[in-house]
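S.K.: Have a look at this one.
The values are calculated or read from the model by the stated rules, or taken from the named source; none is laboratory data. All values reported here derive from a predicted model rather than from experimental measurement. Backbone-built Cβ (ideal geometry, glycine too); neighbour counts: all protein chains shown.
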Amino acid sequence: MGKKPKKIKYTTFSEVKRKMLQNPEIKREYDNLQPKYAVIRAVLDARTKRGITQAELASRVGTTQSAIARFESGAGNPTLDFLIKVSVALGKRLEVKVR
């Protein structure tokens, strides 16, 4: 007879995130990244709601699909000009607020 497999206890992402954000340094860095990811989320939502592929958006913006993919993955630091072109291509208006 074989051994019974050990039960594996899984931790959810939410649990890990909650625990990590208890560290003040991590929380500060997380909060500093929120504007960047809010812009990415807004562009992704607008693109998918319109049924536009990354390649189609890239063509409208005058860039490459890989540039759109890099932006959506958070692997870049887009210029204001790039964000304006993306918003126009999606039929949206870009608003920047300083609080």
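S.K.: Counting just the residues of the stretch 56-76 that are of a type in the set (A, V, I, L, M) and surrounded by fewer than 16 Cβ atoms within 10 Å (Cβ to Cβ), which one comes out modelled with the highest pLDDT?
M.R.: It comes out as Ala69.
S.K.: Here's another thing I want to ask about it. Only one of these conditions is not met by Ile8: (1) modelled with pLDDT of 95 or more; (2) of a type outside the set (Gly, Ala, Ser); (3) not in a helix (DSSP H, G or I). Which number is it?
M.R.: Only one criterion in (1) modelled with pLDDT of 95 or more; (2) of a type outside the set (Gly, Ala, Ser); (3) not in a helix (DSSP H, G or I) is unmet by Ile8, namely (1).
S.K.: Looking at the stretch 77-99 only, could you name the residues that are small (Gly, Ala, Ser) and in contact with a Phe, Trp or Tyr (Cβ under 9 Å, 6 or more places away or on another chain)?
M.R.: Listed by number, the list is empty, since nothing qualifies.
S.K.: Here's something else I'd like to know. Hey, can you tell me all the residues within the stretch 77-99 that are closer than 17 Å to Asp45 by Cα and charged (D, E, K, R)?
M.R.: Hits for the stretch 77-99 are Lys85, Lys92, Arg93, Glu95.
S.K.: A further question follows. Condition (residue is assigned to a loop (DSSP other than H, G, I, E, B), within 17 Å of the chain's Cα centre (by Cα) and without any contact (Cβ under 8 Å) to a residue 12 or more places away in the chain) applied to the stretch 61-76: is it met by at least one residue?
M.R.: Yes, the stretch 61-76 contains a residue that is assigned to a loop (DSSP other than H, G, I, E, B), within 17 Å of the chain's Cα centre (by Cα) and without any contact (Cβ under 8 Å) to a residue 12 or more places away in the chain.
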